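Novice: The structure is given below, and queries will be raised subsequently.
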C-alpha cells in the first residue's frame, strides 16, 4: 500500500533532501527512522530536491508499506527519532500509483530577505545592507517571467533534464518593513532556478540591470548572462499541490 508523508524541515544542517554519499540529508534520516520503526529497509521518494541549506515548510514524500499500521503512533515515533529540525505532520493512504514527485501539479517557493542585520535570522534569510532597492522595478521584471517558458538561463549548468520549460503562474515581491519576500509558483522548477532569479532581480533592484537586459538574459538561454545566485538560507519551499484523487483525505 502506498502512503504519502507530509513533513517540514529546516535545511541548515543538511546537504539537501536527496540522499547521497558522505553527506547528511533529510531523505536519509527519514528513511532510517521508517526502517527502524518497521524493522525493514524502507525507501522514501520525495517531491523533489532541495539544495543544501534550503528549507521546506511543506514537503511530501511517498512510501510503500505492506501492512496496516496506527498512523498517529507511527508519527509520534518518527518525531521522537528524527532531529528537532525535521517534523512529520501527517501520513495518509493514497492511490497505488501516486508519485510524490511526478504527480505534483505545482510548487511554490518564497525567498526571504532581511534588509539589515539580525542575529536571529542568519539561517533563514539573506541579510542585505543596501541603501534602497527599487521593489516596483523588481516586480515589473517578475511579471516578465510569466511571458516566457524556457528558463535555461537560470538553471544550474550541466543539469540532466529533458526540457528547460517551466510555466510560471505567479511571481511577486512583497515588503513589510525590513522583510522583503519573493513569492513564485510554477508547475516545475529547474535546479537553482529560484535562487538565480532572485539574484538577478536584486541586480535590477540595485539599478545595475534594466528590464530590457533582463529580457535579453532570458532569451539568451545562457546562465553566464544572469546574475549571481542568492544564498541558500533564504529559500523556502512553501507548498506542493496534487490532484484531489491523491490527497482526497484533506
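The values are calculated or read from the model by the stated rules, or taken from the named source; none is laboratory data. Predicted model only: the values in this text are computed from it and were never measured. Here Cβ is always computed from backbone atoms with ideal geometry, including for glycine, and neighbour counts include all displayed protein chains.
Novice: Return the total of residues in region 1-15 being under 15 Å from residue 33 (Cβ atoms) and not in a strand (DSSP E or B).
Specialist: Residues meeting the conditions: 1.
Novice: Could you tell me how many of the residues in region 69-82 are in contact with a strand residue (DSSP E or B) (Cβ under 9 Å, 6 or more places away or on another chain) and part of a loop (DSSP other than H, G, I, E, B)?
Specialist: 2
Novice: Taking the options 54, 45, 63, name whichever one is surrounded by 15 or more Cβ atoms within 10 Å (Cβ to Cβ), farther than 19 Å from residue 195 by Cα and under 17 Å from the mean Cα position of the chain (by Cα).
Specialist: 45
Novice: Could you list all residues from region 166-205 that are surrounded by fewer than 16 Cβ atoms within 10 Å (Cβ to Cβ) and in contact (Cβ under 8 Å) with a residue 24 or more places away in the chain?
Specialist: 169, 170, 172, 175, 178, 179, 183, 187
Novice: Now a separate question. Does residue 6 meet the test of being farther than 17 Å from residue 71 by Cα, in contact with a strand residue (DSSP E or B) (Cβ under 8 Å, 6 or more places away or on another chain) and crowded, with 18+ Cβ neighbours inside 10 Å?
Specialist: Considered against the rule, which asks whether it is farther than 17 Å from residue 71 by Cα, in contact with a strand residue (DSSP E or B) (Cβ under 8 Å, 6 or more places away or on another chain) and crowded, with 18+ Cβ neighbours inside 10 Å, residue 6 comes out as no.
Novice: Taking region 120-147, which residues are outside any loop (DSSP other than H, G, I, E, B) and without any contact (Cβ under 8 Å) to a residue 12 or more places away in the chain?
Specialist: Within region 120-147, just 136 meets the criteria.
Novice: Please tell me if residue 18 is part of a loop (DSSP other than H, G, I, E, B) and either surrounded by 19 or more Cβ atoms within 10 Å (Cβ to Cβ) or modelled with pLDDT under 95 (or both).
Specialist: yes
Novice: Can you find a residue in region 83-90 that is more than 16 Å from the chain's Cα centre (by Cα), over 22 Å from residue 50 (Cβ atoms) and buried (at least 18 other Cβ atoms within 10 Å of the Cβ)?
Specialist: Taking every residue of region 83-90 in turn, none turns out to be more than 16 Å from the chain's Cα centre (by Cα), over 22 Å from residue 50 (Cβ atoms) and buried (at least 18 other Cβ atoms within 10 Å of the Cβ).
Novice: Within region 66-82, how many residues are surrounded by fewer than 15 Cβ atoms within 10 Å (Cβ to Cβ) and under 15 Å from residue 36 (Cα atoms)?
Specialist: 4
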